[in-house]
C-alpha cells in the first residue's frame, strides 16, 4: 500500500492535533510552523517538521505541495491574511487537495474564492455537535457529510427496541437511513450492517445518515 502524504501548515491546537492524528493513521506528515517550540514538539511523531513562514513563496515551494495527497492550512485564528495567502499559494503550486481552516463565514467565503477545496471551522463544528448531545439525550456523536447530510451515532430510542427496520420504516417516516449497528455480542463489541428483519436491541448503538433535523424529529416524536 502506498503511504499517503500530507502537509500541515500551522501547529496551533487544531493543526497539532490533526498532524498527530494523521501520523497515527499511517500518513506521512510534514508539519510546518513559525514557532520553533511547536515544531520541536511535533517532530517526534511526524515524518518531517520544519520551522519557517509558509507565506514565503520560495520556502513553501520547497515543501512540494503538488506531490502531496492533501495540504492543510490550519492558520485560521493566528493570521487571517496569512491563511488566505497560503491557501492561494498552495493552489498556484498545484496542490491536489487543499483544506483550509476558517474562523467565521466571511473568511470561509474568501478561502473558497482563492481556491480551497474544503473549508473547516473546528470550533463551530464542535459547538454544533456538543449542542446536539446536550439537548437531545441519546446522541453520542455527529459528523456532517457535506452541507445537507449528517451521520449520527445514537443509542437506540426506547420506542424502537424490539421492532424491526421493516416495522420502523425510518426512511419513509423520518428520512433516516440506518447504515450500521454497534452491538455487544458474547462480550465483544461488533459493528454490522443491519438486517431489515433484525429487531433493535436495548443496548444497540445506531449509526444513521439523515438530513439535519431529522434525528431531533425522531427522538422528540417517537420511533
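Over every Cα atom in the chain, the radius of gyration and the widest Cα-Cα span, Dmax, amount to 21.2, 63 Å.
The helix-based estimate of mean residue ellipticity at 222 nm for the chain, built from -39,500 (n - 2.57) per DSSP H run of four or more residues and divided by its residue count, is -9500 deg cm²/dmol to the nearest 500.
Length gained on full extension, residue 57 to residue 216: 52.5 nm, using 0.36 nm per residue less the C-alpha separation. Ordered by the number of other Cβ atoms lying within 10 Å of each residue's own Cβ, fewest first, 34, 209, 200 fall into the sequence 209, 34, 200.
Ordering 151, 84 by the number of other Cβ atoms within 10 Å of each residue's own Cβ, fewest first, gives 151, 84. Between residue 13 and residue 109, the modelled labels are 2.8 nm apart [label points 7 Å from Cα along Cα→Cβ]. Going from the residue with the fewest nearby Cβ atoms within 10 Å to the one with the most, 218, 75, 106 rank 106, 218, 75.
Kirkwood hydrodynamic radius computed over the range 72-117 comes to 10.0 Å, based on all pairs of distinct alpha carbons.
If a spin label sat at a point 7 angstrom from the Cα of residue 166 along the line to its beta carbon, the backbone N atoms of the range 184-213 nearer than 18 Å would be those of 194-201.
Evaluated over the Cα positions of the range 126-221, the convex hull gives a direction-averaged projected area, one quarter of its surface, of 6.3 nm².
Coordinate-derived values only; no laboratory data. Keep in mind it's a predicted model, so treat the numbers as computed, not measured. All Cβ positions, even for glycine, are placed from backbone atoms using ideal geometry, and neighbour counts span all protein chains on display.
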